[in-house]
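Here is the structure we will look at, set down as structure tokens.
The values are calculated or read from the model by the stated rules, or taken from the named source; none is laboratory data. From a predicted model like this one, the values you see are computed outputs, not experimental measurements. Reconstructed Cβ throughout: ideal geometry from the backbone, glycine too, with neighbour counts over all protein chains shown.
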Amino acid sequence: MFETDKQLNNIVYDEQQNTQHFDISQGLVFRCHLVYYKEISANDLLSDKDVIIFNFHHALFDFSSMNIFLHDLNQAYTTGQLLYDGNTHLRYLDYAVIEQQMPMTGASMFWLDALHDCKLDQPLSLPYDRYRLSNEHRTCHATSLSFDLDPNLLQYFLIYSSFNGISFQHLTFAIYSLFLFKLTNGEKDLCIGMTVDNRYRDELKSIIGLFENIIPLRCQLDPQWSFHKLLEYVQEFVTKSMKYSYFPLQRILDQHSNISNPAFLNTSFEFISTTIKDDENKIIFNDDQLSLLPFSPKITGTERMSKYDFIVSFQHKMDVNVLSCTINASLDLFNVETINKISQRFHSMLHQLFRSVDDQINKSIYEISFTLPNERLLMQSMNNTQVPFRPG
């Protein structure tokens, strides 16, 4: 039972963090938790503001499984049955067997070569305000900032990607790589993590299970490259990486037995492309409609829960043609003011790149400005100020 948002967030946090809720050895991998607002109704029926928490163990449920689960739940309560789909004849257990039989030699050689001499145990040199001593001190508290690209800027994105035959995923990752290059004061060997859904066959898109995998994306850039050259490079190596994205992360890490802490995973990139309208994510029980709570519980203001130190997430809502950007950063390491400034720099860099495409795209990436408009005005003002020399 809860009365305040803080109490509800504490309940959700417990569901996420309490390992005692599940026992894989006993098959206990799913929980349904009813949380009443202020009081339990006399007839035990749910009322307005009551909450249903569905909690799945990650061993059999990934993020993409959520829409499948909601669709099936909606259908079951609306029609009283689940329609049989021939594509669901393949079960998750079948997939697990198939995965074990997949040829891994080529993938193993690719990842061994791609990460040769890569410092996987060293985090990127981001502008931290402080450092944590170890993962034991990780609170998972993060600040979150989001913005939508304005329609004119998005139009530049669309024109540029279409003209050059570049996907939005590759374009946004190239921008993120450039951003990290600037943010780390010129780090040329960038390695971060990216989660992939790994549902490479149509039959897998309607099965609940753990298909997703995390892969390292290593960008070894040259500061003399133009942004267009960086984009071509990103398109090539991300395409190759996705080809072997089925190779389990643990096996990638096993190739580097000297690495005890894969710190590169603390910085991440995410790109989500959706065509699902908001009302399709509603669950209807007869005449009653349920609304979804955010997957990441809100703590206070812009504070969220996040397992990453720093992650930039792009979401392209294709049905309404909106591109959103969200920056989540650990409060263990960053002040809120620092992330506000980082977000402003990122937004400013986007405008510089695509508002004057011909000028910026062909510049060397080290020449692309990382300063804010007010900082440029201040520097210009200082340069224009003449101090008369008076002989003594």
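Quick one: Y84 ticks every box in (1) surrounded by 13 or more Cβ atoms within 10 Å (Cβ to Cβ); (2) at pLDDT below 85; (3) among the aromatic types (F, W, Y) except a single one, so which number is it?
For Y84, the exception is condition (1).
Take residues that are under 23 Å from the mean Cα position of the chain (by Cα) and modelled with pLDDT under 85 and tell me which of the strands (runs of 3 or more DSSP E) falling wholly in the stretch 296-392 contain 3 or more.
In the stretch 296-392, 303-305 are the strands (runs of 3 or more DSSP E) which contain 3 or more residues that are under 23 Å from the mean Cα position of the chain (by Cα) and modelled with pLDDT under 85.
Would you be able to tell me the number of residues in the stretch 126-135 that are modelled with pLDDT under 95 and either of a type in the set (D, E, K, R) or assigned to a loop (DSSP other than H, G, I, E, B) (or both)?
Going residue by residue through the stretch 126-135, those that are modelled with pLDDT under 95 are 130-135.
Among the residues that remain, those that are also either of a type in the set (D, E, K, R) or assigned to a loop (DSSP other than H, G, I, E, B) (or both) are: 130-134.
The qualifying residues number 5.
Before we move on, is F211 farther than 24 Å from I327 by Cα, of a type in the set (F, W, Y) and within 17 Å of the chain's Cα centre (by Cα)? Steps first, please.
Details: farther than 24 Å from I327 by Cα: yes; of a type in the set (F, W, Y): yes; within 17 Å of the chain's Cα centre (by Cα): yes.
It is true that F211 is farther than 24 Å from I327 by Cα, of a type in the set (F, W, Y) and within 17 Å of the chain's Cα centre (by Cα).
Taking only the stretch 104-122 into account, find how many residues are part of a loop (DSSP other than H, G, I, E, B) and free of Cβ contacts under 8 Å to residues at least 40 places away in the same chain.
Number satisfying all stated conditions: 2.
Considering only the stretch 97-136, how many residues are among the hydroxyl-bearing types (S, T, Y) and buried (at least 16 other Cβ atoms within 10 Å of the Cβ)? Full working, then the answer.
Step one: list which residues in the stretch 97-136 are among the hydroxyl-bearing types (S, T, Y), which gives 105, 108, 125, 128, 131, 134.
Remaining after also requiring buried (at least 16 other Cβ atoms within 10 Å of the Cβ): 108, 128.
Matching residues across the stretch 97-136 total 2.
Can you name the helices (runs of 4 or more DSSP H) wholly within the stretch 167-275 that have at least 3 residues being farther than 26 Å from S108 by Cα?
Filter on the stretch 167-275 gives 168-183, 227-243.
Go through (1) in contact with a Leu (Cβ under 8 Å, 6 or more places away or on another chain); (2) surrounded by 14 or more Cβ atoms within 10 Å (Cβ to Cβ) for T139 and report which single condition fails.
(2)
Among all residue pairs at least 6 apart or on different chains, which show Cβ distances below 7 Å where the first residue, located in the stretch 303-316, is in contact (Cβ under 8 Å) with a residue 60 or more places away in the chain and the second is in a loop (DSSP other than H, G, I, E, B) and among the hydroxyl-bearing types (S, T, Y)?
Matching pairs, first to second residue: R304/S296; M305/S296; S306/S296.
So which residues in the stretch 121-155 are under 20 Å from L323 (Cα atoms) and of a type outside the set (S, T, Y), if there are any at all? Spell out the reasoning first.
Here is the first cut: in the stretch 121-155, the ones under 20 Å from L323 (Cα atoms) are 144-155.
L145, F147, D148, L149, D150, P151, N152, L153, L154, Q155, listed by residue number.
For residues in the stretch 87-115 being of a type in the set (D, E, K, R) and either modelled with pLDDT under 85 or in contact with a Ser or Thr (Cβ under 8 Å, 6 or more places away or on another chain) (or both), which is farthest from N258 (Cα to Cα)? Explain how you work it out, then say what you get.
We begin by selecting, within the stretch 87-115, every residue of a type in the set (D, E, K, R); these are 91, 94, 99, 113.
If we keep only those that are either modelled with pLDDT under 85 or in contact with a Ser or Thr (Cβ under 8 Å, 6 or more places away or on another chain) (or both) too, we end up with 91, 94, 99.
Details: R91: 37, D94: 34, E99: 27 Å.
Per the criteria, the residue is R91.
For the stretch 163-212, name all the residues that are closer than 30 Å to R91 by Cβ and in contact with a strand residue (DSSP E or B) (Cβ under 7 Å, 6 or more places away or on another chain).
Filtering the stretch 163-212 for residues closer than 30 Å to R91 by Cβ gives 169, 193-212.
Scanning the stretch 163-212 gives Q169, G193, M194, T195, V196, N198, E212.
Kindly indicate whether Q155 is farther than 20 Å from M194 by Cβ, part of a helix (DSSP H, G or I) and under 24 Å from the mean Cα position of the chain (by Cα).
Taking the combined requirement at face value, the residue satisfies it.
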